[in-house]
Amino acid sequence: MLSELDQNQAENFPAEATEGRGILFVVSSPSGGGKGTLIQRVLNKVPNLSYSVSFTTRAPRSGEVNGREYFFVTPHQFEEMVAADEFLESATVHCHLYGTARNQVAQEIAEGRDIILEVDVQGAASVRQLMSDSVSIFILPPSFEVLKTRLTARGTDSPEELDLRLRNAPVELKDYSAFQYVIINDDAELAANQLAAIVFAERARLSRQERKVKNVVEAFMAKEEGNSN
C-alpha cells in the first residue's frame, strides 16, 4: 500500500537512476522461498551493502532479535506510524502488518549507499511504483514440494498459519514476471552468488557511474594529447 506523498517527499525518490545515489535492491518471494537466507549470505560477501529492517506486528520467531530481522511493534504502534506517513510501503501479509521505514531508505540512498529491502510481493509492487529505478529480484522456490518442506522444517508456524502460507504461495508466484530478475533457489550457494552478481552488475551500469567513467576517459585523452606534443 503506497502512502500519500507530497512533492517534497516524491523528490527523495526520483524515477530515473541518478549517479552518486545508492541503489535500492528489492528482493521478494513467497514465504519460505529462502530470500532471508540468500540476503544474509550476500550481505556477508558484498561490501558496502546494507539491509533495510522492516517493521511487523507478528511475534518474533525463535532466534530473531528486535531491530535485526525486524522491528516488532504492536498493531496500535504500527497504525500510528501509518497515520504519521512513516512508511515507504506497508501491507497486510498472512494476517500480519509489515512496513518499510521511509526515512532509512531515503537517507541511505541519498548518501550513496546501496541497500537491500526484503518484502512480500505487495510491498515490492508498491516500491516499484514509487521508485522505478529500484532493482527488483524475485526468489523462486524450485517446486511446491520444496517450499512446503522448507516451511514445515522451519517449525515456526501453527498448522493454520502454515496452511495459509501454502495457499497464498501460488498467488504470490504469479507476480514473478513483474520483476527484473528471477533466481530459482534450488541451490542456496549458487542462488546467493547470482544475487551478489546482480548487485555488482547494477553497480557497473553506465548511468550509475557516468561521471567517473568520463573522468577516466578524459584522463586518457589528456595523456594522449601530452604524448603527441
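List the lysines whose Cα sits under 19 Å from the Cα of Lys212, skipping any in the same chain fewer than 8 residues away.
Those lysines meeting the cut-off are Lys223.
With a ≥ b ≥ c taken as the square roots of the eigenvalues of the C-alpha gyration tensor of segment 165-229, please select rounded if a/c is under 1.5 and otherwise prolate if a/b is larger than b/c or oblate if it is not?
Prolate is the answer for segment 165-229, as a/c is 1.5 or above and a/b outweighs b/c.
Of the heavy-atom accessible surface of segment 149-194 (probe 1.4 angstrom), what whole percent is carbon and sulfur? Could you put the intermediate results ahead of the total?
Numbers: 1550 of 2860 Å².
Carbon and sulfur: 54 percent of the exposed surface of segment 149-194.
Out of the DSSP beta bridges found with both residues in the chain, what percent are antiparallel (nearest 5)?
30
Would you please classify the overall shape of segment 33-110 from the alpha carbon gyration tensor, given that a ≥ b ≥ c denote the square roots of the eigenvalues, rounded means a/c under 1.5, and beyond that prolate means a/b larger than b/c while oblate covers the rest?
oblate
In nm, to one decimal, how far is the Ala188 label point from the Gln40 one, both placed 7 Å along Cα→Cβ?
0.8
Provide the per residue accessible area, probe 1.4 Å, for segment 139-229, rounded to a whole number of square angstrom.
67
Counting other Cβ atoms within 10 Å, keep those with at most 13, restrict to DSSP loop, and tell me which GluC sites (Glu not before Pro) in segment 102-136 are left. Don't jump to the answer; show the numbers that get you there.
Numbers: sites: Glu108, Glu111, Glu118; in loops: Glu111.
Sparse-neighbourhood loop GluC sites (Glu not before Pro): Glu111.
Amide H of Ile184: which non-local residues (sequence gap of 5 or more, or other chain) have their own amide H closer than 5 Å, using H built in the peptide plane?
Long-range HN contacts for Ile184: Leu140.
I want to verify a result. In a Gaussian network model of the chain, Cα cutoff 10 Å, which of these has the top mean-square fluctuation: Phe71, Phe138, Phe25?
Sorting by GNM fluctuation, first place goes to Phe71.
I want to verify a result. In a Gaussian network model of the chain, Cα cutoff 10 Å, which of these has the top mean-square fluctuation: Lys214, Lys174, Lys35?
Result: Lys214 has the largest fluctuation of those listed.
So if each residue of separation counts as 0.36 nm, and I subtract the Cα-Cα distance between Ala106 and Arg150, what length gain in nm does that give?
Using 0.36 nm per residue and subtracting the Cα-Cα distance, I get 12.5 nm.
Suppose R0 equals 22 Å; then what is the FRET efficiency for Ser132 and Asp85 from their Cβ-Cβ distance, rounded to the nearest 0.05? The partial results should precede the final answer.
Details: r = 21 Å, r/R0 = 0.94.
Computed FRET efficiency for Ser132 and Asp85: 0.60.
Report ³J(HN,Hα) in whole Hz for each residue of segment 111-128, in order, from the Karplus equation J = 6.51 cos²θ - 1.76 cosθ + 1.60 where θ = phi - 60°; Gly and Pro get x.
Residue by residue, segment 111-128 yields 8, x, 9, 7, 9, 9, 10, 9, 9, 7, 5, 5, x, 4, 5, 5, 5, 4 Hz.
The values are calculated or read from the model by the stated rules, or taken from the named source; none is laboratory data. Because the structure is predicted, anything quoted here is derived from the model rather than measured. Virtual Cβ from ideal backbone geometry, glycine too; neighbours counted across all protein chains shown. Areas reflect the complete protein model, heavy atoms only, side chains present, ligands, DNA and RNA absent. Shrake-Rupley method; radii C 1.70, N 1.55, O 1.52, S 1.80 Å.
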